[in-house]
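Asker: This structure is in structure tokens; I'll ask about it shortly.
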Amino acid sequence: MATSVPGLTDVRPLNLEEPEKQEITEVQLEAMIPKPVGYHILVAMPQIEETFGDTGILKTTKTIHYDSILSMVGLVVDMGDQAYTDKDRFPTGPWCKQGDYVMFRMNSGTRFMVAGQEYRLMNDDSIEAVVEDPSGVQRVN
């Protein structure tokens, strides 16, 4: 006989299908994406291409994995309510805003996936630059 735990009656089991195979509504997706708190910033990472440019040559799984881990540019999706509010650390105001493409160190932040999209949750002071056109930015091997 199953027992219920107070406060956990609305918890549903995880759907273990691959995220790309699940049909998710926009409302469900928004509910899945964590809301940053405090001084944290939520950054969406670019989708990694499986080929080398227009050559059609496929990247190895290892190369795709490295490209994913070592990405250093992303899109600011959301910010915690205390991001950039410390006047001593940020006397000139915020370094970025929602909708900016930003640059950061390759291994910055907490990495996670929601519905096949990689995100990073990072500290406000992890942002090193705002990038107007991220299409030309590449890491040095």
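Asker: Step through the residues of segment 118-125 one at a time and calculate ³J(HN,Hα) from phi using the Karplus curve (6.51 cos²θ - 1.76 cosθ + 1.60, θ = phi - 60°), rounding each to whole Hz and writing x for Gly and Pro.
Answerer: 7, 10, 10, 9, 9, 6, 4, 7
Asker: Now, a different point. Which ³J(HN,Hα) values, rounded to whole Hz and listed in residue order, are derived for segment 83-100 from phi using the Karplus coefficients 6.51, -1.76 and 1.60 in 6.51 cos²θ - 1.76 cosθ + 1.60 with θ = phi - 60°, glycine and proline given as x?
Answerer: 4, 6, 8, 6, 5, 6, 7, 10, x, 9, x, x, 7, 7, 9, 4, x, 7
Every number in this text was worked out from the coordinates using simple rules, so none of it is lab data. Computed from a predicted structure; not experimentally measured.
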